[in-house]
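The values are calculated or read from the model by the stated rules, or taken from the named source; none is laboratory data. Since the model is a prediction, treat every value here as computed from it, not as a measurement. Don't worry about glycine lacking a Cβ; one is built from the backbone with ideal geometry, like all the others, and counts go over all protein chains shown. These accessible areas exclude ligands, DNA and RNA; they are computed on the full protein's heavy atoms, side chains included. Shrake-Rupley method; radii C 1.70, N 1.55, O 1.52, S 1.80 Å.
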Amino acid sequence: NLDSLQSHYGVVIVLITFVSRIIFIGFSWSYGTIIVQFKKQNSTLSDTEMSWIGSIGQSFGGLLAPLILFTARRFGFQISFVVSLFICVLSLFISSIVQNLHWLLLTYSLPYGFGNAAIFILGTLICGLYFPAGQHPKHILVMCIISMGFPLGYHVMSASIFSALKENSWQSMKRHIAVIELFVTCILGPFFTTKFLPSTSLAYPYPSAALVPDPNRKIYYSKPVIYWMLGIFSSMCAVNNFLLHLHSHLEYLLISAARADRWFRLHGLFDALFRLLIPALLRFYPIDIIYLFPASVFTGLIVLTLTFALLYTSLNVLAILPIILFSFTPAVVTALQYTVSNRIFEEDRTEQGYIYHVIVTSLGTIVGPVVGGLFLDMTGSYKAIIPTSIFFLFVSFVSFIVTIVLLNRKKSNQLEEDQTASIHQHDNVAYGSSN
């Protein structure tokens, strides 16, 4: 029966989104392992150049988020999703036959980055339709579940890549992953649809609001939005600068490749675990989710400082503990972006707010590793990587705190205005009655 299918099909959508993120997005976030192998064959390449390959492959498409949203509206979620999956598959096949850095940028980073971002954005938006923010009681749980996809993905995919590279070249490994992704595309594509949305939901709830900002609404250019986006940008710079260089950083410190891979995968596993624990945390301690952002960034600042202190001592084996704890920062900052958009932006602008988050997140993902690579090239030492991330986290923490102060002040002023208006209305009614 149709009513039963509509009420349960959202679970299918969540599963499809989760699996696609594990395989497709997980691969891009595990690309640092391939970069290490590529650099061994091209030793003259700088770390800055190599950083561009990984960071653009992770998030280039996020800069085109409005275009991705437009294609979903013009051609539908299903067609857009399937085309994005095929773009990733073709990118892996074609980039497996190139040896030049610039061709790798054109055949992997740009197309896979676009497909990768489209898969991510479309999955979040369609889950937001089946489980609307501020309306469905399972919304936060769903957002946290699907966000577990890519940390679990780089846990699963990095292990697969590392294992495959022991016996095959990175080119052969890419072709093997492409075959797997092609098979997954044929399975998931036909079921990714909005045809079974509940009758209370619309495929495009606010069709005129998401792409063209209304210049008369200051929400788009208000100080809270600007400071908040600066916080998102800085935190993503910090996270991706640290993670993209982590594997090479550990090998530079003479930590074995096997141990470095194990540490990297443990970080991904705990990142996924923290995402799963967020709904439980909010259930037992019902606080405004906006406060989780500065809390997670401050936690990251502390544990990265501890990581830096431990890595350059004889006790560097203990650095795994703060590295694991650092996963709490990206867990919060990335998992709750769609949901917090309902808090930062007006209620009917959640979709627009999420697109803003995606664009700024993509910028941070690209810029962070490149800045770290520049400092690495200038200093010739990986010691510059973690302090760079710590600086970004400090900027992010201050930005989030300023945003919260401004929003609370705005809320307080609004309450005072409402109370004043209510008093005046009451006085006018009383005066009219007396006459």
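Here the peptides 161-170, 118-127 are ranked by packing, the mean other Cβ count within 10 Å, and the order with the highest first is 118-127, 161-170. In this structure Ser160 has an accessible area near 50 Å², from a 1.4 Å probe over the protein heavy atoms. Per-peptide packing, taken as the mean over residues of other Cβ atoms within 10 Å, places 272-283, 226-237 in the sequence 226-237, 272-283 from highest down. With each pseudo-label sitting 7 Å past Cα toward Cβ, what's the Ile226-Lys410 distance in nm, one decimal? A separation of 1.3 nm, rounded to one decimal place. As a rough guide to protection, the peptides 295-304, 183-192 ranked by mean Cβ packing within 10 Å, highest first, stand as 295-304, 183-192.
With every protein chain in place and a 1.4 angstrom probe, the accessible-area ranking of Ile87, Ile287, Ile255, largest first, reads Ile287, Ile87, Ile255.
Accessible area ranking (1.4 Å probe, heavy atoms, ligands and nucleic acids excluded), largest first, for His357, His102: His102, His357. For the pair Tyr291 and Leu315, what calculated FRET efficiency results from E = 1/(1 + (r/R0)^6), where r is the Cβ-Cβ distance and R0 = 25 Å, to the nearest 0.05? After rounding, the FRET efficiency stands at 0.15.
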